[in-house]
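K.L.:
Got a structure here, written out as structure tokens. Questions coming.
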Amino acid sequence: MTRDTRSDMLVALKVLQGAGPDGQQTLRFQEEARAVARLHHPNIVQIYEVGELEGRPYFSLEFAEGGSLDRKLAGQPQPPSAAAELVETLAHAVSFAH
């Protein structure tokens, strides 16, 4: 998490580390950014900016409060109603993305 200097908003950063010399990782990274940037759904974070700094590609994304899903679930079974609600939300987002 960092603060965007222009908008003063909290954003998440995704930075490509250690891209190989063939450029394939960089191309996949850029394709991911373009694909996600086309999606506008309440349960899919928005991409604000795509760029490169000191030779490393990055994109800034909408900051999602609450942290990552794997950290939230912590590998523990969830109550059935909460699990069903989460699966429904995820299913709608994935369906929209596809």
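The values are calculated or read from the model by the stated rules, or taken from the named source; none is laboratory data. Computed from a prediction, not measured in an experiment: that's the story for all the values here. Note that we place each Cβ from the backbone using ideal geometry, even for glycine, and neighbour counts take in every protein chain shown. These area figures cover heavy atoms from the full protein model, side chains too; ligands, DNA and RNA do not enter into them. Shrake-Rupley method; radii C 1.70, N 1.55, O 1.52, S 1.80 Å.
K.L.:
Test S60 against the stated conditions and say whether it is of a type in the set (G, A, S) and in contact with a Gly (Cβ under 9 Å, 6 or more places away or on another chain).
P.N.:
In short, yes.
K.L.:
In contact (Cβ under 8 Å) with a residue 40 or more places away in the chain and within 25 Å of H98 (Cβ to Cβ): is that true of F29 in this structure?
P.N.:
Answer is no for this residue.
K.L.:
Could you count how many residues in segment 63-87 are more than 27 Å from Q24 (Cβ to Cβ) and either in contact (Cβ under 8 Å) with a residue 40 or more places away in the chain or not in a loop (DSSP other than H, G, I, E, B) (or both)?
P.N.:
Of the residues in segment 63-87, 14 are more than 27 Å from Q24 (Cβ to Cβ) and either in contact (Cβ under 8 Å) with a residue 40 or more places away in the chain or not in a loop (DSSP other than H, G, I, E, B) (or both).
K.L.:
Same structure again: Among V87, V15, V94, which is the only one that is open to solvent by 50 Å² or more (accessible area, probe 1.4 Å) and modelled with pLDDT under 90?
P.N.:
V15
K.L.:
Another question, if that's okay. Among the listed residues S68, S60, which satisfies the condition of being hydroxyl-bearing (S, T, Y) and either at pLDDT below 85 or under 23 Å from A91 (Cα atoms) (or both)?
P.N.:
Going through S68, S60 in turn, the sole match is S68.
K.L.:
For segment 18-45, which positions are polar (S, T, N, Q) and either over 16 Å from the mean Cα position of the chain (by Cα) or open to solvent by less than 40 Å² (accessible area, probe 1.4 Å) (or both)?
P.N.:
Matches in segment 18-45: Q24, Q25, T26.
K.L.:
Are any residues in segment 46-96 among the acidic types (D, E) and within 18 Å of M9 (Cβ to Cβ), and if so, which ones?
P.N.:
E49, E62, E65
K.L.:
Taking the condition of being free of Cβ contacts under 8 Å to residues at least 40 places away in the same chain and either hydroxyl-bearing (S, T, Y) or in contact with a helix residue (DSSP H, G or I) (Cβ under 7 Å, 6 or more places away or on another chain) (or both), how many residues in segment 32-62 meet it?
P.N.:
The number of residues fulfilling the criteria is 2.
K.L.:
I'm trying to understand the selection: among the residues of segment 46-62, which are part of a strand (DSSP E or B) and open to solvent by 100 Å² or more (accessible area, probe 1.4 Å)?
P.N.:
Y48, E52, L53, R56
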